[in-house]
Amino acid sequence: MAEVEFSDVSKTFGDHTVIPGLDLRVRDGELLVLLGPSGCGKSTLLRLLAGLEPATGGTIRIGGRAVDALGPGARNVAMVFQNYALYPHKTVRGNLEFPLHMRALRRGERERRVLEAARVLGLEDLLDKRPAELSGGQRQRVAMGRAIVREPDAFLMDEPLSNLDARLRVQIRAEIGALQRRLGVTTLYVTHDQVEAMTLGDRVAVLRDGVIQQLGAPADLYRRPANLFVAGFLGSPP
Ligand code: ADP
Ligand code: MG
């Protein structure tokens with residue numbers, strides 16, 4: 001695990017500046033929620049961090065090391081998307097093992113990581129099943145397992161609950177929180193959902209048009225919003 005730091009990071013698509021220049025430090029082992037309305041640049045920030053998209057300016061550091069010149073494969077971060085696509089023809093074991101095939105890991109080490117992820121996520125009894133035989137919640141757990149097996153420096157989660165129904169969302173949200181605390185992996189969690197942010201975040205950064213409006217503990221943001229946008233977005237009492 002490692003600290004993640006954005007220093008004056010900007011992103012422009014054509015003549016559209018999505019992120020004008022952002023500073024943010026995610027502490028070692030914390031779960032920081034990036035909260036903001038649709039289109040404010042949340043996914044873009046995660047994609048910059050993952051190396052899926054080059055930043056226009058600034059520096060991104062993971063564990064103190066600048067990663068701007070590194071491709072996605074060389075950044076030890078794992079992304080959990082809203083549209084988690086499992087391989088339908090592979091078993092749970094095969095899905096969990098897949099991210100490890102690109103690594104020069106011994107078979108025994110691969111096996112150890114897969115079993116550890118299955119244990120942590122309660123998937124031990126499902127290792128030989130295929131995705132079609134799983135519930136939505138179980139599939140989401142496999143998606144998280146694929147992130148865990150890589151033993152990443154950081155988790156990047158992009159609205160991982162948005163495809164789930166309301167009841168499952170509450171359950172998986174609690175599981176993500178418990179899992180993150182147990183593993184202590186630095187996590188940047190993106191959502192437009194205030195309840196998710198307030199429930200899960202050690203700290204929450206409220207984003208509007210690529211600019212952080214306020215960063216702090218959930219209760220502090222709610223009680224002492226920095227401006228009307230934050231107050232309105234969080235539903236703080238007037
Ligand atoms: P969020 O995840 O907060 O909903 P995004 O980061 O997906 O927002 O998008 C922020 C803005 O950047 C939007 O206006 C979107 O249209 C724009 N954008 C994102 N990706 C691209 C791209 N590849 N090309 C052009 N514009 C993009
Ligand atoms: Mg998004």
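The values are calculated or read from the model by the stated rules, or taken from the named source; none is laboratory data. In this text the structure is predicted, and so the values were computed from the model without any measurement. Cβ atoms come from the backbone with ideal geometry, glycine included; neighbour counts cover every protein chain shown.
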Counting only residues in segment 53-95 that are within 14 Å of the chain's Cα centre (by Cα), within 16 Å of ligand 2 (Cβ to nearest atom) and surrounded by 14 or more Cβ atoms within 10 Å (Cβ to Cβ), the one nearest to Leu164 (Cα to Cα) is identified as Gln82
Cβ pairs under 6 Å, 6+ apart, first in segment 34-51 and free of Cβ contacts under 8 Å to residues at least 24 places away in the same chain, second surrounded by fewer than 21 Cβ atoms within 10 Å (Cβ to Cβ) | Arg47/Glu53
Residue satisfying condition, being within 16 Å of ligand 1 (Cβ to nearest atom), under 18 Å from Pro152 (Cα atoms) and modelled with pLDDT of 95 or more, within set Leu35, Leu31, Leu46, Leu24 | Leu46
The correct count of residues that are without any contact (Cβ under 8 Å) to a residue 24 or more places away in the chain and either closer than 13 Å to Arg203 by Cβ or in contact with a Cys (Cβ under 7 Å, 6 or more places away or on another chain) (or both) in segment 219-231 is 3
Any idea which of (1) within 13 Å of ligand 1 (Cβ to nearest atom); (2) closer than 19 Å to Met157 by Cα is the one Gly14 doesn't satisfy?
-> (2)
Would you check if Asp8 is away from ligand 1 (no atom under 16 Å from the Cβ), surrounded by fewer than 20 Cβ atoms within 10 Å (Cβ to Cβ), modelled with pLDDT of 95 or more and on the phi > 0 side of the Ramachandran plot?
-> yes
How many residues are under 25 Å from Ser135 (Cα atoms), touching a residue at least 12 places away in the same chain (Cβ under 8 Å) and not in a loop (DSSP other than H, G, I, E, B) if we restrict to segment 82-110?
-> 8
Members of segment 181-218 found to be hydrophobic (A, V, I, L, M, F, W, C) and free of Cβ contacts under 8 Å to residues at least 40 places away in the same chain, listed by number | Val195, Met198, Ala217
Test Pro237 against the criterion of being under 23 Å from Leu24 (Cα atoms), part of a loop (DSSP other than H, G, I, E, B) and without any contact (Cβ under 8 Å) to a residue 12 or more places away in the chain, and give yes or no.
-> no
